[in-house]
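Reading through the structure tokens given below for one structure.
The values are calculated or read from the model by the stated rules, or taken from the named source; none is laboratory data. Just so you know, these numbers come straight off a predicted model, no measurement behind them. Cβ sites come from the backbone with ideal geometry, for glycine too, and all protein chains shown count toward neighbours.
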């Protein structure tokens, strides 16, 4: 596995915005060698079926060539677009996750199963020799916690005691315990903190986790510092931000059955014509436990921080990118204004010049990690005011 994350971002890897993002995403982990596997084939990646079969083949080849880390990244690139009704999804998932663990130096013994409402939540403990503090971290809407192991293992080596977990509707609990994601993140977070006996914690949420982390930290006195590794105070607003105005108007008209029926019909028509819309809806049904588009738009309204933000009394770090194509930059300032009782608020806006302008700053993970580590070190002191 490469010893450090690759730094860089290109707008021109692929004309499809979604494909371009994913190519940059996995290059940031695998570096130039991973990208060299893909580069000659990019002109052939003209649709989602070709994308999936190509990356599955690349995964097999990299594994045969003795490059298991790159193989896992290729498999994940394919698996990301495999819907739950595709028989290749589960076998691919079961192949790639152990590879990511092994290549990041995280043994199976580092995992503890935490029971929560009948589901088994995997929590991974990465222990340094001389811990500087406790970082508890989770992802968002459709990540696997193992994706973050390459930089979490680096943070462990930097001296941080790390617990990384998946909650309901994420990763293994989604696929194996058949849970769906919930905005009530305080419960699973409490279960994990209890299981590890943790106190004086920095709680970090990535992507949609930037919403969930605020909801989890409200009223939890063991959490002393809160990091939104990409803010997301209004999931509905982010999800509908780029919808065509007619669709957005129907989604907004949530109490009108006729509007909701029209919304379902329009989305179904779009799914038949636009592959990314078909994938988005199928993935949303799977993660949220919904059966129709209008249910999705109703459900995501529950993922916000309006009620939790005024209860936050901790130090807070808000991280956002100037060109995040998922979350409007204005939401960073919205989130800051809602934190009326926070001990301190630090807002960091990442830019194109830093290769970190995109969602979760994936073009420059080292910069994001350096910020997090220095920010936590500066603020690790008793927080008498909490509680």
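Quick one: which of 315, 324 is buried (at least 21 other Cβ atoms within 10 Å of the Cβ), closer than 24 Å to residue 79 by Cβ and touching a residue at least 60 places away in the same chain (Cβ under 8 Å)?
Every option except 324 fails the conditions.
Go through region 247-263 and give me each residue that's surrounded by 13 or more Cβ atoms within 10 Å (Cβ to Cβ) and over 10 Å from residue 297 (Cβ atoms).
249, 253, 259, 261, 262
Check off (1) touching a strand residue (DSSP E or B) at 6+ places or on another chain (Cβ under 8 Å); (2) modelled with pLDDT under 95; (3) under 23 Å from residue 239 (Cβ atoms) for residue 386 and give me the number that stays unchecked.
Condition (3) is where residue 386 drops out.
Of 45, 58, which residue is farther than 16 Å from residue 18 by Cα, surrounded by 14 or more Cβ atoms within 10 Å (Cβ to Cβ) and outside the structural domain of residue 190 (by TED's automatic domain parsing)?
58
Report yes if residue 38 is more than 22 Å from the chain's Cα centre (by Cα) and closer than 18 Å to residue 362 by Cβ, otherwise no.
yes
What do you reckon, is residue 138 buried (at least 17 other Cβ atoms within 10 Å of the Cβ), touching a strand residue (DSSP E or B) at 6+ places or on another chain (Cβ under 8 Å) and modelled with pLDDT of 95 or more?
Yes: the conditions hold for residue 138.
If you go through region 152-170, how many residues are under 14 Å from residue 122 (Cα atoms) and either part of a loop (DSSP other than H, G, I, E, B) or outside the structural domain of residue 135 (by TED's automatic domain parsing) (or both)?
So the answer is 5.
Can you tell me which residues in region 42-56 are more than 18 Å from residue 72 (Cβ to Cβ) and touching a helix residue (DSSP H, G or I) at 6+ places or on another chain (Cβ under 8 Å)?
Answer for region 42-56, where residues must be more than 18 Å from residue 72 (Cβ to Cβ) and touching a helix residue (DSSP H, G or I) at 6+ places or on another chain (Cβ under 8 Å): 42, 44, 45, 47, 48, 50.
Would you list the helices (runs of 4 or more DSSP H) that sit entirely within region 248-338 and hold 3 or more residues that are under 25 Å from residue 85 (Cα atoms), at pLDDT 95 or above and under 18 Å from the mean Cα position of the chain (by Cα)?
Qualifying helices (runs of 4 or more DSSP H): 275-288.
Residues checked against (1) in the same structural domain as residue 297 (by TED's automatic domain parsing); (2) touching a residue at least 24 places away in the same chain (Cβ under 8 Å):
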residue	(1), (2)
203	no, yes
206	no, yes
215	no, yes
223	no, yes
229	no, yes
249	yes, no
273	yes, no
276	yes, yes
282	yes, yes
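Working only within region 343-358, note down all residues that are outside any strand (DSSP E or B) and surrounded by 19 or more Cβ atoms within 10 Å (Cβ to Cβ).
Answer for region 343-358, where residues must be outside any strand (DSSP E or B) and surrounded by 19 or more Cβ atoms within 10 Å (Cβ to Cβ): 355, 356, 357, 358.
Within region 215-233, which residues are more than 15 Å from the chain's Cα centre (by Cα) and under 20 Å from residue 300 (Cβ atoms)?
Residues satisfying the conditions are 215, 216, 218.
Do we have residue 306 as touching a residue at least 40 places away in the same chain (Cβ under 8 Å) and either crowded, with 18+ Cβ neighbours inside 10 Å or under 18 Å from residue 140 (Cβ atoms) (or both) here?
Criteria not met by residue 306.
Is there a residue being out of contact with any strand residue (DSSP E or B) (no Cβ under 9 Å at 6 or more places or on another chain), part of a helix (DSSP H, G or I), over 25 Å from residue 357 (Cα atoms) and assigned by TED's automatic domain parsing to the domain that holds residue 93 anywhere in region 32-39?
Yes, region 32-39 contains a residue that is out of contact with any strand residue (DSSP E or B) (no Cβ under 9 Å at 6 or more places or on another chain), part of a helix (DSSP H, G or I), over 25 Å from residue 357 (Cα atoms) and assigned by TED's automatic domain parsing to the domain that holds residue 93.
Just to be sure I understand, how many residues within region 47-75 are over 26 Å from the mean Cα position of the chain (by Cα) and either assigned to a loop (DSSP other than H, G, I, E, B) or under 21 Å from residue 274 (Cβ atoms) (or both)?
Result for region 47-75: 2.
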